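Single-structure report; data block below.
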Amino acid sequence: MGEFEDEYSAALEGEVRETRGALLNDTIGVLGPADPICLPETATVHEAVDTMLGRRQYGVLITDAGGRLTGIFTERDVLTRVVGKGLDARKTLLGQVMTHNPEALSARDRVAYAVHSMSVAGYRTVPLVDAEKRPIGVVTVSDVIRWLANLFPETVLNLPPGDRLKKPSEIDAG
């Protein structure tokens with residue numbers, strides 16, 4: 001093995017250690033979670049979609065009269081539970097098509113918990129709640145990807161330019 005390969009291997013091992021440390025030590029708060037959109041179960045799917053589009057978010061959190069989390073409704077639900085079943089978005093209430101009692105985390109939980117929820121359970125949007133189960137934010141797969149990119153700034157910033165990469169301001173829900 002040459003000198004270059006030894007230096008490269010050592011640098012790579014250092015990056016892996018740094019990433020593992022960040023994954024286990026960083027809290028979800030470093031992901032910069034968005035403020036949640038909260039609606040009651042009696043809001044319509046149409047109202048939810050309008051609000052999601054206006055705020056450029058992937059979902060809404062459903063809360064009870066006390067402001068506590070009772071459900072989540074995401075763009076995936078629009079496709080599978082509303083459009084895919086031929087329901088009328090203007091007449092369908094969120095309470096009929098939301099995911100009840102979703103798994104939620106706190107901003108003090110480790111990033112590893114968010115990654116686990118997303119990779120094992122398949123969630124793309126995870127609600128963040130306070131001790132009383134009131135929504136305080138949402139973390140998405142995009143937040144985790146941005147965090148990972150910041151762990152490797154040289155690698156990400158040194159990608160060749162091209163028109164195939166989207167500009168962050170043009171990101172859609174896909």
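Just so you know, all these numbers are worked out from the coordinates, no wet-lab data involved. Because the structure is a prediction, the values reported are computed rather than measured. For neighbour counting, all protein chains shown are included, and Cβ atoms are generated from backbone atoms with ideal geometry for every residue, glycine included.
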Open item on the list: Let's test the formula: R0 of 30 Å, r as the Cβ-Cβ distance of residue 55 and residue 115. What FRET efficiency results, to the nearest 0.05?
Closed with: 0.75
Open item on the list: Shape verdict for the range 33-87, please, from the Cα gyration tensor: rounded (a/c under 1.5), prolate (a/b greater than b/c) or oblate.
Closed with: oblate
TODO: Starting at the first residue of the range 35-43, write each ³J(HN,Hα) from the Karplus equation 6.51 cos²θ - 1.76 cosθ + 1.60 with θ = phi - 60°, in whole Hz, x for Gly and Pro.
DONE: 5, x, 9, 10, 9, x, 4, 7, 5
TODO: Report, by chain and number, residues whose modeled amide H sits under 5 Å from the one on residue 139, excluding near sequence neighbours (fewer than 5 apart, same chain).
DONE: 126, 128
- [ ] Tell me which residues come under 5 Å, amide H to amide H, from residue 71 once H is placed; ignore anything under 5 positions away on its chain.
- [x] 62, 101
Open item on the list: Looking at the range 26-159 only, what percent of DSSP beta bridges run antiparallel? Nearest 5 please.
Closed with: 85 percent
Open item on the list: At 7 Å along Cα-to-Cβ for each site, give me the label-to-label distance between residue 30 and residue 65 in nm.
Closed with: 4.3 nm
Open item on the list: Net charge within 11 Å of residue 34 by Cβ-Cβ distance, Lys/Arg positive one each and Asp/Glu negative one each, not counting residue 34 itself?
Closed with: 0
Task: Rounded if a/c under 1.5, otherwise prolate or oblate - the range 65-114, Cα gyration tensor axes - done: oblate
Task: Whole-Hz couplings from phi, Karplus 6.51/-1.76/1.60, listed for the range 77-84; x for Gly and Pro - done: 5, 4, 6, 8, 9, 10, 4, x
Task: Hz values of 3J(HN,Hα) by residue in the range 94-103 - Karplus curve (6.51, -1.76, 1.60), Gly and Pro given as x - done: 4, x, 7, 10, 7, 8, 7, 6, x, 5
TODO: Rounded to whole Å and ordered largest first, report the semi-axes of the equivalent ellipsoid of the range 26-159 derived from its Cα gyration tensor (root of 5λ).
DONE: 28, 18, 12
